Amino acid sequence: MSEGSQNEPVGTRDGAATPSGRPTCVCGHDRTHYMVSPLPTYTGWGQFWVILVGVSTQPVRIDYHCRVCEQTFDFTEDPAVLGLHL
């Protein structure tokens, strides 16, 4: 079997976009894959509320990190998506 024929679209192994247009990591996972974790970034006050008080607050940025290849390959600052990560 060739390297690119493992049930993956051609071009996703090198970090290219999927057919849906979303970026992928080097192993071919996009932000919706179960092995990809969202890593939130908070403001200074946001960190205070989350860490010390335990209150949920909206992050200012979400980075997407693959747990297989350890690559951070995508991010979002879209308020609609950030609201899902409370």
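The values are calculated or read from the model by the stated rules, or taken from the named source; none is laboratory data. Given the structure is predicted, the values throughout are model-derived calculations rather than measurements. For neighbour counting, all protein chains shown are included, and Cβ atoms are generated from backbone atoms with ideal geometry for every residue, glycine included.
Selection of the stretch 1-47 for residues being modelled with pLDDT of 55 or more and among the β-branched types (Val, Ile, Thr) yields Thr18, Thr24, Val26, Thr32, Val36, Thr41, Thr43. For Val50, the stated conditions hold: it is at pLDDT below 90 and assigned to a helix (DSSP H, G or I). No other residue among Gln58, Gln71 is over 13 Å from the mean Cα position of the chain (by Cα) and polar (S, T, N, Q) apart from Gln58.
Please enumerate the residues belonging to the stretch 53-86 that are acidic (Asp, Glu), touching a Pro at 6+ places or on another chain (Cβ under 8 Å) and assigned to a loop (DSSP other than H, G, I, E, B). Hits for the stretch 53-86: nothing passes.
Quick grid of which residues meet (1) buried (at least 16 other Cβ atoms within 10 Å of the Cβ); (2) on the phi > 0 side of the Ramachandran plot; (3) touching a residue at least 12 places away in the same chain (Cβ under 8 Å):
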| residue | (1), (2), (3) |
| --- | --- |
| Val26 | yes, no, yes |
| Gly44 | no, no, no |
| Val68 | no, no, yes |
| Leu84 | no, no, no |
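Checked against (1) of a type in the set (Ser, Thr, Tyr); (2) closer than 12 Å to Arg31 by Cα; (3) crowded, with 16+ Cβ neighbours inside 10 Å, Thr57 passes all but a single condition, namely (2).
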